[in-house]
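Peer 1: Following this message is one structure expressed as structure tokens.
Please treat every number below as a calculation from the coordinates, not as lab data. Here the structure is a predicted model, which means the values were calculated and not measured. Note that we place each Cβ from the backbone using ideal geometry, even for glycine, and neighbour counts take in every protein chain shown.
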Amino acid sequence: MKSTINITTEWDIVTAREIGRNEAKKIGFDTVNQARIATVISELARNIYLYASVGTITIETVEQDGKVGLAITAADQGPGIEDVRAVMQDGFSTSGSIGAGLPGVKRLMDDIEIQSQLKEGTTVRVKKWL
Amino acid sequence: MKELKIQYKKILVDYIENQSERNLYIGQNFIRQLIQKNITPEEVIHMHKQVMEEIFPELPVVSRHGYDFLIEIMVYFGLTLKEHQMLLEQQEEMRIEMNVATKIQSVLLKTTVPQIDEIDIGMLSIPIRKMNGDYVHFLNDEENYVGVAVTDVVGKGVPAALCMSMVKYGLDTLEYAENNPSYVLEVLNRIIEKSVDDSMFVSMFYGRLDLARSIFTYGSAGHEPAIYYNAADNAFYGLGAKGLLLGIMPEMKYEQTEIPLYEGDFIIMMTDGVTEFRHDDKIDSRKIIEQLALTYSHLSAQEMCEKLYEELQKLQEQGLDDDFTVVIFKK
């Protein structure tokens, strides 16, 4: 399963959350992890909505070495992140930028990968294993 | 988690039966344990929900929705809490590093007051924060000359301390005490202008005493004027000079002036932390320092410095709020 949601309005964030939560439930994540996945989608989608204006959230089921999980990819053509390592540090002042809240997102998920190019955009891909 | 849930269930059941203070106390201790194990708020609520459903299978569905809602919003609460904890840990690390840095600075910028027969020298430098933004440097070679630099970085704390280390090494490169004050100020100005951030400025009073002739030559880069007591006139004079702070203009020229020192004369060099103990009137504060210096002029230069600090501390209104540095040359 794989679905991509365009994020242009605040309501698109809600749609992405809903799709993510349903998929998480279907795979077998418990209530707490469903809530975490929804929160992560929210954070990533909000960053797109607030700082990149346009972008997509892709939710897909992934399998690796017999494990099942959910992957969320947030891609935008926004301003990009200057120093990816810095935004991953707690307390690094990123409020008001595309890197806001990424340490929190990382904490709720199992894997995180960030690719970013200044003025070209950012792709954040996170995974949570069952 | 399973084990914790069993414990939690027991505590909750006890409470529901008795509702005693003891049960609440046990609950609190249990939570302490969960925090240590890094259990997040949403997990606690989830556990509570599951236990409630086990104890009361007939629990209405609205109550279940209520818990689900709480779990959802507590995810974010937990994230913020965690970030806060991490910041506290980082702060503690920085505090430890800061203590180490302070120790290094005090070793690095340690000033040794020269002991010379021809002149009695005293010095006192008290930082207001952990790191000192004032610095005194003596140059003393082969007993012909003794040079003294009294410096104050505009700004305080760590940036000021780092900048000061550079001033120290700048002065170290000069090596010889016989250098003219104007030359010393020009060299230091170039070093600081080139290497320090544009927002960093340093004021410096540089004095050099020719020990054989007893001539004191001085120059100043935007520094608090020194106070010179002439015993023959029984009068005080200010030793100031026009000259921009170090680090503003690359090719500044600094003037220098000579005065002879006779028996009973003394010179008080200081930073503005000494004169700014009264916020209303600066002229007045210099008069007070002169008066105090005269009262204690029978003491050694070092004792005079200490008395000045002691007395000015008593006089100032809300505690000294700047680094305090005073150097006295007493003939």
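Peer 1: Counting other Cβ atoms within 10 Å of each Cβ, which trypsin sites (Lys or Arg not before Pro) in region B:216-288 have at most 13 and sit in a DSSP loop?
Peer 2: B:K242, B:K253
Peer 1: Rounded to whole Å and sorted largest first, list the principal axis extents of the Cα atoms in region B:150-270.
Peer 2: 46, 26, 22
Peer 1: Can you pull the Rg over Rh of the protein assembly as shown, Cα-only, Kirkwood?
Peer 2: My calculation of the ratio gives 1.22.
Peer 1: Hey, in the GNM for chain B with a 10 angstrom Cα cutoff, which one of B:D134, B:D272, B:D172 fluctuates hardest?
Peer 2: Judging by the Gaussian network model, the answer is B:D172.
Peer 1: Please give the average number of partner chain Cβ atoms lying within 10 Å of the Cβ of each residue in B:68-81, rounded to a whole number. Provide the component values of the computation, followed by the final result.
Peer 2: On the way: counts 4, 1, 1, 5, 8, 2, 3, 12, 7, 0, 5, 10, 2, 0.
Counting other chains' Cβ atoms within 10 Å and averaging over B:68-81 gives 4.
Peer 1: Using the Kirkwood radius over C-alpha pairs as Rh, can you work out the diffusion coefficient of region A:2-129 via Stokes-Einstein at 25 °C, viscosity 0.890 mPa s, in µm² per second? Each step should come with its number before you reach the end.
Peer 2: On the way: Rh = 14.4 Å.
D = 170 µm²/s.
Peer 1: Counting other C-beta atoms within 10 Å, and keeping those with at most 13, which DSSP coil GluC sites (Glu not before Pro) do you find in region B:220-270?
Peer 2: For GluC sites (Glu not before Pro) across region B:220-270 that sit outside H, G, I, E and B with at most 13 neighbouring Cβ atoms in 10 Å, the list reads B:E251, B:E255, B:E263.
Peer 1: Over the alpha-carbon set of region B:2-103, divide Rg by the Kirkwood Rh and report the Rg/Rh ratio to two decimals.
Peer 2: On the way: Rg = 18.3 Å, Rh = 16.0 Å.
We get a ratio of 1.15 for region B:2-103.
Peer 1: Translational diffusion coefficient, Stokes-Einstein: compute it for chain B using the Kirkwood radius over C-alpha pairs as Rh, at 4 °C and 1.567 mPa s, and state it as an integer in µm² s⁻¹.
Peer 2: 53 µm²/s
Peer 1: Would you mind giving the mean number of other chain beta-carbons within 10 Å of the Cβ of each residue in B:44-51, as a whole number?
Peer 2: 2
Peer 1: Okay, moving on. For region B:1-88, which GluC sites (Glu not before Pro) are in a loop by DSSP, counting at most 11 other Cβ atoms within 10 Å?
Peer 2: B:E58
Peer 1: With runs of 4+ DSSP H residues as the only contributors, calculate the mean residue ellipticity of the protein assembly as shown at 222 nm using -39,500 (n - 2.57) per run, divided by the residue total and rounded to the nearest 500.
Peer 2: Counting only the DSSP helices, I get -15000 deg cm²/dmol.
Peer 1: Could you give the longest part of chain A that holds none of the GluC sites (Glu not before Pro) found in DSSP loops with at most 16 neighbouring Cβ atoms within 10 Å?
Peer 2: Excluding the exposed sites themselves, the longest stretch runs over A:1-81.
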